[in-house]
1. At 1.4 Å probe radius, can you tell me the per residue accessible area of the stretch 6-112 in Å²?
2. Take every DSSP beta bridge with both residues inside the stretch 79-235 and express the antiparallel ones as a percent of the total, to the nearest 5.
3. Across every pair of different alpha-carbon atoms, what Kirkwood hydrodynamic radius in Å does the stretch 92-136 reach?
4. Can you pull the percent of the chain's accessible area that's carbon plus sulfur, 1.4 Å probe, other chains left in place?
5. Over the stretch 58-206, what number does the Rg to Rh ratio reach, with both radii from the alpha-carbon atoms and Rh per Kirkwood?
6. What accessible area per residue comes out for the stretch 168-308, rounded to a whole number of Å², with a 1.4 Å probe?
7. Would you please report the Å³ per residue occupied by the convex hull of the alpha carbon atoms in the stretch 180-308?
8. Dividing the alpha-carbon radius of gyration of the stretch 144-253 by 2.2 N^0.38 Å (N being the number of residues), what value is obtained?
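The values are calculated or read from the model by the stated rules, or taken from the named source; none is laboratory data. These numbers come from a predicted model, not from an experiment. Reconstructed Cβ throughout: ideal geometry from the backbone, glycine too, with neighbour counts over all protein chains shown. Remember, those area values only see protein heavy atoms, side chains included, never the ligands or the DNA or RNA. Shrake-Rupley method; radii C 1.70, N 1.55, O 1.52, S 1.80 Å.
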Amino acid sequence: MLVDTKEMFKNAYDGGYAIGAFNVNNMEIIQGIIAGCAEKKSPVIIQVSAGARKYANPIYLRKLIEAAIEEHPEVPIAMHLDHGADADICRQCVDSGFTSVMIDGSHHDFEENIRLTKEVVEYAHAHGVVVEAELGKLEGVEDDVKVASGEGSYTDPDQAVEFVERTGCDSLAIAIGTSHGAFKFSGDPQLDFERLDIITKKLAGFPLVLHGASTVIPEFVEKCNQYGGNIPGAKGVPEDMISQATKSGVCKVNIDTDLRLAMTAMIRKELAENPANFDPRGYLKPARAAIQEMVMHKLDILGNVNHL
Ligand code: G3H
Ligand code: 13P
Ligand code: ZN
């Protein structure tokens, strides 16, 4: 069933687990995610980026997500806009039936981020839609925005309190050392858990969001490279760090890169091992199964199992 994230987050917060927010771009990814969540009995956030909208056409993604809702009415599904860059894209998603939108004003200064977020909150709340905002800057690439290494900035705990109070947002993405993509750390992975704990204490009961939370599981990187890929030096957030964050105030964990790696590794393998096959179903069916398996593994790590 289509829901917003309010009850999901409350249950997750109280239960010390987190909801997986998975990015989608096509039918197989959506099918793999919903099959995994149905099997694990887990509520889920299906999220669509501006890049996904450009790639697939927003109508197709919305209809495919509606199909997932129809196929598995027992699974609570939030339809979420990931990294909305301006009020306009947020309004479009609110108007087309999304239950949750993210306004990402993190690249603006504090006051402009507040102004923009407030504008979106007013519109979304008037239409019964919840809003995720972001304070602090993650490094890495998302759509057309690239934040260079060393130019990210961690979330200030006092500013976070002021930001939430003044904007009325429903959840807050924070920067504690994660980043988007497959190359998160050049040395040892490190997250600022002290900062996370302070923010959690200051914003008691308020749902926090961890972006850039893929683990970049070595087995999948190696499989890509084994079958003709070239992604050396990829490194993500270790799974024990993700679990630790879910025990603090983090209720939503964003995962895209790990799904991409699982799908690509499988497609590479299938094409390499079956060179005579030219039927896309031959390699997309196992790729879809690989997405499902990865999602189920993630749900275990997030502690989000048997929560329907
Ligand atoms: O935040 C970034 C997500 O992984 C979405 O990626 O903008 O390439 O669709 P994308
Ligand atoms: P990853 O690149 O770590 O999967 O992060 C995805 C994300 O934060 C989407 O908003
Ligand atoms: Zn993100």
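1. On the way: 4150 Å² over 107 residues.
Here the per-residue accessible area is 39 Å².
2. On the way: 4 of 19 bridges.
The antiparallel proportion sits near 20 percent.
3. Values: mean 1/r = 0.0946 Å⁻¹.
Averaging 1/r across every pair of different Cα atoms and inverting gives 10.6 Å.
4. Details: 6850 of 13370 Å².
Of all accessible area on the chain, carbon and sulfur atoms account for 51 percent.
5. On the way: Rg = 16.3 Å, Rh = 16.5 Å.
Rg/Rh: 0.99.
6. Per-residue value: 45 Å².
7. Numbers: hull volume 14.2 nm³, N = 129.
Once divided by residue count, the hull of the stretch 180-308 is 110 Å³.
8. Values: Rg = 15.6 Å, N = 110, 2.2 N^0.38 = 13.1 Å.
For the stretch 144-253, the normalised Cα radius of gyration is 1.19.
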